[in-house]
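Each remark here refers to the structure printed beneath this line.
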Amino acid sequence: MKKWKFLSLILFTFGSQMSLADTAKGTITNLRSPSYETVTVYFKIDPMPQGVTQRFYVRSDQGSYAGCISSGSEGTFNRTYSMLLTAKASTQKITVDYCLDTNGYGLVNFIEME
């Protein structure tokens with residue numbers, strides 16, 4: 001039984017590290033800020049990476065979401081949202097590092113405007 005727990009821990013750790021390494025680059029095509037969810041902004045880029053079947057998202061709180069970990073705060077959320085708005089308005093390309101969650105969404109860990 002201990003061997004299975006150890007193997008599960010190794011696979012989980014390896015899988016988590018692989019998820020954090022996913023990167024995508026593109027132009028923002030859509031921003032969504034639902035009124036029922038005050039801590040999340042969703043967006044799409046062109047082109048969307050193959051694994052992200054839904055949208056990318058940024059959160060202003062901390063926690064675990066469908067296999068990904070958010071370590072956001074109100075300050076980081078506001079800065080990131082400002083960057084997203086600027087990139088959308090100016091059609092600038094962005095690069096995002098993200099964790100692909102189990103629901104097909106990409107939780108953004110890092111964003112860069114080119």
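What follows draws every value from the coordinates through simple rules; no lab data is involved. Owing to the predicted nature of the structure, the values given are computational and were not obtained by experimental measurement. As a convention, Cβ positions derive from the backbone with ideal geometry for all residues, glycine included, and neighbour counts pool all protein chains shown.
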Backbone N under 13 Å from the Ser71 label point (7 Å along Cα→Cβ), restricted to the stretch 85-114:
109-110
With a ≥ b ≥ c from the Cα gyration tensor eigenvalues, square-rooted, and the rule rounded for a/c under 1.5, otherwise prolate when a/b > b/c and oblate otherwise, the stretch 71-114 is oblate
Tell me the label-point distance for the pair Glu114, Thr38, using the 7 Å Cα-to-Cβ offset, in nm and rounded to one decimal.
3.7 nm
Rounded to the nearest 20 debye, dipole of the stretch 32-114 from Cβ charges on Lys, Arg, Asp, Glu:
200 debye
Need one word for the stretch 38-114: rounded, prolate or oblate. Basis is the Cα gyration tensor (sqrt eigenvalues a ≥ b ≥ c); a/c below 1.5 gives rounded, then a/b vs b/c decides.
oblate
